[in-house]
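Structure, as structure tokens:
Every number here is computed from the coordinates shown, using simple stated rules; none is lab data. Predicted model, so just to flag it, every value in this text is computed and none were measured. Heads up, the Cβs are rebuilt from the backbone with ideal geometry, glycines too, and the neighbour counts pull from every protein chain shown.
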Amino acid sequence: MFSDTHFHFGLMVNERGTDGTQLLESLAQRGVFFAQDIGTHSDDLAGRQALARKCIDGTASASTAAEKFLYFSAGIWPSPEEIAGRREGAAELERQIAAARSSADPLFRKVSALGECGLDHH
């Protein structure tokens, strides 16, 4: 269903119906030390972080472990829509990363990668 290191948490929970709390508990029980939630839209970082926070807060057993192993990436998948609005998308991505880095929530500041930005090719 997912690898131990990279998965799209929001996609799994919102679109595939996976129980996010159960997913994080499972990762914690398996002793996962690093999980990267990958982003593919310029405006999805804040929503993915809020969803992760909600799921972490929903379970006492996984809360501490998940806060230690869960990290986020931010990026733009070069879809036709993102390519057409690449300047606006890049500006939104910058805003979301800046907001995450200045957040009072230490979980939200754990943006460790920037990727899927193949817009320079187009």
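What 222 nm value per residue comes from the helices of the chain, counting each DSSP H run with n ≥ 4 as -39,500 (n - 2.57) and dividing by all residues, nearest 500 deg cm²/dmol? Please list the in-between numbers first.
On the way: 5 runs with 54 residues, N = 122.
Per the formula, -13500 deg cm²/dmol.
Using a 7 Å offset from the Cα along the Cα-to-Cβ direction at both Ala46 and Thr59, what is the distance between the two label points in nm, to one decimal?
Going from the Ala46 label point to the Thr59 one covers 2.8 nm.
For Ser102 paired with Ile83, estimate the spin-label separation in nm (one decimal), with each label point 7 Å from Cα along the Cα-to-Cβ line.
3.4
Could you pull out every residue, at least 5 positions away or on a different chain, whose amide H is within less than 5 Å of the one on Gly115? Hs are placed 1.01 Å off N in the peptide plane, and Pro or chain starts have none.
The answer is Ala74, Gly75, Ile76.
Using a/c under 1.5 as the rounded threshold, could you call the range 47-91 rounded, prolate or oblate? The axes a ≥ b ≥ c are square roots of the C-alpha gyration tensor eigenvalues, and prolate needs a/b larger than b/c, oblate otherwise. Don't skip to the end; give the middle numbers.
Values: a/c = 4.33, a/b = 3.33, b/c = 1.30.
Prolate is the answer for the range 47-91, as a/c is 1.5 or above and a/b outweighs b/c.
Report the local net charge at Gln49: Lys and Arg +1, Asp and Glu -1, summed over other residues whose C-beta lies under 11 Å from its C-beta. If you can, show how the numbers build up before the last one.
Values: positive: Arg48, Arg53, Lys54, Arg109, Lys110; negative: Asp37, Asp44, Asp105.
Its environment carries a net charge of +2.
Please report the projected area of the chain's Cα convex hull averaged over all directions, in nm².
Numbers: hull surface 29.4 nm².
One quarter of the hull surface, i.e. the mean projection, equals 7.4 nm².
Please state the Cα pair-distance histogram of the range 29-73 with 10 angstrom bins from zero: what percent is in each bin?
26, 54, 19, 1
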